[in-house]
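A.B. asks: My questions will all concern the structure given below.
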Amino acid sequence: MKNLLYIIDSLGVGGAEKLLVDTILASPEYLKITVVYLYKPHTLVPLLNGTEVIFLNLQGYLHKISAVTRLRNIIVSHKIDIVHAHLFWSTILARLACPKNVKLFFSVHSIISSDVFRGNKLLSILEKVTYLQRHTAIFVSNTVKEDYIIHVGLKGPSYVLYNFVEEEFYLKRKERLREFNGLSQMRLVSVGNLKPSKNYQLLINIFRNLKSEPITLDIFGEGYYSNHLRKMLTQNQIVNIKLKGQHLKIFEVLADYDIFIMPSENEGFCIAVAEAMASGLPCILADI
C-alpha cells in the first residue's frame, strides 16, 4: 500500500481539477489517496466519496505561510510516500512542506509565462527558488514544457503526460448528420473557466453583430470574470449568449450542440476541446 497525497488549488470544475478527480476515480486499490485543496469552490468534492479530502481554506498570504506547517503535518501524520501537486500555489506550498524523504511531483497545466508570471516578476522568482533538483515535473504538452524551460529552466526529471478524455464522451457521441446550411438554428457551445485568457469577451463582441441571426451560444463554466461578462451581455443587449454555469456531467449535453467554439488567448492542453472532439463536434478554435 502506497500513501499518495494530491494537492490542488481548488475543486471547482476546471481542466486541472477535473483531470485530478478522473485520475483518482481510475486509481488502483493499492493506493491510499488523500486530497488537499486550498480554496473554494468545492464543486467536485462529492465525486470523491470514499477519499479523504482536507480543505485548508486559505485566505491571503499569511494563511499561505501557516499552510506550509499544516501541510507538512498532514504529510507526516498520514505517512505520505508521494506528493503530487497541481497548479501554481499548491505546487509552491508542496515544495516548501514536503520532507526530503517524500517524492514530489508537480504538474504544469498552462503556459506559465502568460498564465501565471505575466505582470508579476515575484511569482517567477518564487517558482525558480522553490523548484529543486529532487522534484519531478510533469507537463500536459510539449508547448507547456518548452515555455517552462525558457522562463524557469529544468532542474530535475521531467515528463510530458497528455490529458485524457473520459469514455462517456465517446459513448454519447453523435454523428453530424445535418447540413449546416439547412439548420433553422445553429447552436454553439463553449466550456471553460470564466477568466480573461479564455477570451469570451471576443465572442460577445462578435455576437453584437449577430443579434438577429438564428445562432446561439451557451457557455458552461464559472470564474471570477463572470460578473464582467454578464455586464457586457446586458450592456450590449445580447440575448443569444447564455452563461450556463457549471455542469458536472458535460458529456450529457455536448453532443446536442452543432459546433464547439474556443477563442482562448493561450492553452496548455485544453481538455474541453478534446472532449468536444470526442463528442463528435466540429470545433472553431483560436490559432494558438
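Here, each number is a calculation from the coordinates, and none is a lab measurement. Worth saying up front: this structure is predicted, and the values here are computed from it rather than measured. Here Cβ is always computed from backbone atoms with ideal geometry, including for glycine, and neighbour counts include all displayed protein chains.
A.B. asks: Compute the normalised compactness of the stretch 2-160: alpha-carbon radius of gyration over 2.2 N^0.38 Å, N being the residue count. Kindly include the intermediate steps, with their values, before the conclusion.
C.D. replies: Details: Rg = 14.9 Å, N = 159, 2.2 N^0.38 = 15.1 Å.
With N residues counted in the stretch 2-160, Rg over 2.2 N^0.38 Å equals 0.98.
A.B. asks: Further question: When the Cα centres of the stretch 58-122 and the stretch 227-272 are compared, how far apart do they sit, in Å?
C.D. replies: Between the Cα centres of the stretch 58-122 and the stretch 227-272 lies a distance of 30 Å.
A.B. asks: Also: When the gyration tensor of the stretch 75-199 is built from Cα positions, what are the square roots of 5 times its three eigenvalues, in whole Å, from largest to smallest? Please list the in-between numbers first.
C.D. replies: Details: eigenvalues 275, 75, 35 Å².
Equivalent ellipsoid of the stretch 75-199: 37, 19, 13 Å, largest first.
A.B. asks: Rounded, prolate or oblate, given the Cα gyration tensor of the stretch 154-246, with a/c below 1.5 counting as rounded? Spell out each step's value before the answer.
C.D. replies: On the way: a/c = 2.60, a/b = 1.30, b/c = 2.01.
Since a/c reaches 1.5 but b/c is at least a/b, the shape of the stretch 154-246 is classed as oblate.
A.B. asks: If each of TYR224 and LEU123 carries a label point 7 Å out from its Cα toward its Cβ, how far apart are those two points in nm?
C.D. replies: Result: 0.9 nm between the two label points.
A.B. asks: Right, another one. Quick one: net charge of TYR200's neighbours, Cβ under 13 Å, K/R +1, D/E -1?
C.D. replies: Result for the local shell: +3.
A.B. asks: For n ≥ 4 DSSP H runs only, could you compute -39500 (n - 2.57) per run for the chain, divide by its residues and tell me the 222 nm figure to the nearest 500?
C.D. replies: Details: 10 runs with 93 residues, N = 288.
Helix-only estimate at 222 nm: -9000 deg cm²/dmol.
A.B. asks: If you keep only loop residues by DSSP, which trypsin sites (Lys or Arg not before Pro) in the stretch 106-206 have at most 16 other Cβ atoms within 10 Å of their Cβ? Each step should come with its number before you reach the end.
C.D. replies: Numbers: sites: ARG118, LYS121, LYS128, ARG134, LYS145, LYS155, LYS172, ARG173, LYS174, ARG176, ARG178, ARG187, LYS198; in loops: ARG118, ARG134, LYS155, LYS172, ARG173, LYS174, ARG176, ARG178.
Those that pass, being in a loop and sparsely packed, are ARG118, ARG134, LYS155, ARG173, LYS174, ARG176, ARG178.
A.B. asks: Once phi is turned into θ = phi - 60°, what whole-Hz ³J(HN,Hα) does the Karplus curve with 6.51, -1.76 and 1.60 give for every residue of the stretch 13-29, x standing for Gly and Pro?
C.D. replies: Ordered by residue, 3J(HN,Hα) equals 8, x, x, 5, 5, 5, 4, 4, 4, 4, 5, 5, 5, 9, 6, x, 5 Hz.
A.B. asks: Would you mind ranking SER66, SER90, SER114 by Cβ crowding within 10 Å, fewest neighbours first?
C.D. replies: Starting with the residue having the fewest Cβ neighbours, the order is SER66, SER114, SER90.
A.B. asks: Output wanted: per-residue J couplings in Hz (rounded whole) for the stretch 203-209, from phi through Karplus 6.51 cos²θ - 1.76 cosθ + 1.60, θ = phi - 60°, x for Gly and Pro.
C.D. replies: 5, 4, 5, 5, 6, 4, 9
A.B. asks: Rounded to the nearest 20 debye, what is the charge dipole size of the chain about its Cα centre when +1 sits on each Lys and Arg Cβ and -1 on each Asp and Glu Cβ?
C.D. replies: Details: 32 positive and 25 negative charges, 200 e Å.
That gives the chain a dipole magnitude of about 960 debye.
A.B. asks: Could the peptides 80-89, 42-51 be put in order, highest first, of the mean number of other beta-carbon atoms found within 10 Å of their residues?
C.D. replies: Details: 80-89: 21.5, 42-51: 14.2.
My ranking of the peptides, most packed first, is 80-89, 42-51.
A.B. asks: Counting other beta carbons within 10 Å of each residue's own, what order do MET277, MET262, MET1 fall into, fewest first? Mind dumping the intermediate values first?
C.D. replies: Values: MET277 15, MET262 22, MET1 9.
The order, fewest Cβ neighbours first, is MET1, MET277, MET262.
A.B. asks: Determine the percent antiparallel among the DSSP beta bridges restricted to the chain, to the nearest 5.
C.D. replies: Values: 0 of 43 bridges.
If I count the DSSP bridges inside the chain, around 0 percent turn out antiparallel.
A.B. asks: Turning to a different aspect of this structure: Within the chain, what's the longest run with no GluC sites (Glu not before Pro) in a DSSP loop and at most 13 other beta-carbon atoms within 10 Å? Give the range, please. Mind dumping the intermediate values first?
C.D. replies: Values: sites that count: GLU29, GLU175, GLU179.
So the longest stretch without any such site is 30-174.
A.B. asks: Would you mind checking which residues have amide H under 5 Å from VAL160's amide H? H placed 1.01 Å from N; only 5 or more apart, or other chain.
C.D. replies: Answer set, sorted by chain and number: PHE139.
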